[in-house]
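The values are calculated or read from the model by the stated rules, or taken from the named source; none is laboratory data. Just so we're clear, the structure is a prediction, and the values are computed from it rather than from any experiment. Here the Cβ positions follow ideal geometry from the backbone for every residue, glycine too, while neighbour counts run over all protein chains shown. Each accessible area value is taken on the protein alone, full model and side chains, heavy atoms only, with ligands, DNA and RNA left out. Shrake-Rupley method; radii C 1.70, N 1.55, O 1.52, S 1.80 Å.
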Amino acid sequence: MIDAMAVTLSLLERRAPGATICPSEVARAIAEDWRGAMPAVHAAIDELVGDGLVRLSWKGQPLGARSGPYRIRRND
């Protein structure tokens, strides 16, 4: 399976500043069985948040940690 962290950062690089992506976009980019890839995506996102590389939000409100549905954006 392709590295979910690298794919997340790559997808965000292609977006406008402030734009977000859905974790399922990452999963769809790394595996045909995207639902089966979601645990790996969540783990990668947790690591990226911990490293300060991305931020999470839901409906425009910042999230301190991944919980329920969320969107991902660059931390810039």
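Here are some notes:
- Residue within segment 21-31 that is open to solvent by 60 Å² or more (accessible area, probe 1.4 Å) and of a type in the set (D, E, K, R) present: yes
- Number of positions in segment 37-59 that are out of contact with any strand residue (DSSP E or B) (no Cβ under 9 Å at 6 or more places or on another chain), open to solvent by 50 Å² or more (accessible area, probe 1.4 Å) and part of a loop (DSSP other than H, G, I, E, B): 1
Table: residues versus (1) among the aliphatic types (A, V, I, L, M); (2) part of a loop (DSSP other than H, G, I, E, B).
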position	(1), (2)
Ile2	yes, yes
Ala6	yes, no
Ser24	no, no
Ala29	yes, no
Arg35	no, no
Pro69	no, yes
